[in-house]
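Laboratory data are not the source of any read-out in this text; all were calculated from the coordinates shown. Remember, predicted model here, so these are calculated numbers, not experimental data. Cβ atoms come from the backbone with ideal geometry, glycine included; neighbour counts cover every protein chain shown.
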Amino acid sequence: MKFIVAKNEHVDRMCEITDQAKRQLKGLGLDQWQKGYPSREVWLDDVKKGCTYLAVEEGEILGIFAFQTTPDVSYYEIDGKWLTDGEYASMHRVCVADESKGKGVAGKMFSYGFEMAEKSGFKAVRIDTHPGNLPMQRALEKAGFVRCGTIKLAEGPETGDERIAFEKIL
């Protein structure tokens, strides 16, 4: 498996994978990603910024994640406590294609994110997920993330929604 920066020609497949994830979340009875986010426009903006990465094997896109090196406004306030007080990288919009689930793709994406963060001089990576998204919570804990508390999303269609915040010290 290799990782590449997403380009415009990948957006259709990225949207397909996102739609699969939205269906799975809806099937779990969750409102996460049910309000039009992430959308094609979000992915196109990410492509323009060069912040989204694809897990690829034999030319097939297996998974997607956004990697952010600027502070996340949703992380300014936490009901709980972050493990670190300094600068951090964050990962968002993590999803794996249905046909690639259970094959360790998410874990490899997290590991790649950790590598990128370390190379950029960060000592920690933060991420959040819906309180009911137990599959993602298990994947995060398996990757070494520690539950730090809850945050409220500060922007986008899900503004005000509560999320569980995680951090991993590198």
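Worth a mention:
- 3J(HN,Hα) couplings calculated from phi for the stretch 12-18 with the Karplus curve 6.51 cos²θ - 1.76 cosθ + 1.60 (θ = phi - 60°) are, in sequence order, 4, 5, 4, 5, 4, 5, 4 Hz; Gly and Pro show x.
- GNM on the chain, alpha-carbon springs under 10 angstrom: the most fluctuating residue among Val105, Val11, Val94 is Val11.
- Cross-link pairs beyond the 25 Å C-alpha cut-off, checked among Lys2/Lys49; Lys35/Lys108; Lys49/Lys108; Lys22/Lys108; Lys103/Lys152; Lys7/Lys101: Lys35/Lys108; Lys103/Lys152
- Comparing Leu28, Leu62, Leu54 in a Gaussian network model of the chain where C-alpha atoms under 10 Å apart are linked, the largest mean-square fluctuation is found at Leu28.
- Gap separating the Cα centres of the stretch 1-36 and the stretch 140-170, nearest whole Å: 18
- Of Ala154, Ala117, Ala66, the one that fluctuates the most in a GNM where the chain has Cα springs shorter than 10 Å: Ala154
- Rounded to whole Hz, the Karplus (6.51, -1.76, 1.60) HN-Hα couplings of the stretch 101-113, x for glycine and proline: 5, x, 10, x, 5, 4, x, 5, 5, 4, 4, 5, x
- Here the translational diffusion coefficient of the stretch 1-82 follows from Stokes-Einstein with Rh set to the Kirkwood radius across Cα pairs; for 37 °C and 0.692 mPa s it amounts to 231 µm²/s.
- The order of Thr69, Thr52, Thr84, going from fewest to most other C-beta atoms within 10 Å of their C-beta, is Thr69, Thr84, Thr52.
- Distance between modelled label sites at Lys7 and Glu60, nm, 7 Å Cα→Cβ extension: 2.2
- Signed unit charges on C-beta, dipole axis of the chain, positive-most listed residue His92, Cys148, Gly160: Cys148
- Over every Cα atom in the chain, the radius of gyration and the widest Cα-Cα span, Dmax, amount to 14.9, 43 Å.
- Modelled label reach - Leu170, point 7 Å along Cα→Cβ, the stretch 107-130 residues with backbone N closer than 12 Å: 111-126
- The relative contact order of the stretch 70-127, computed from alpha carbon pairs under 8 Å that lie at least 6 residues apart in sequence, is 46 percent.
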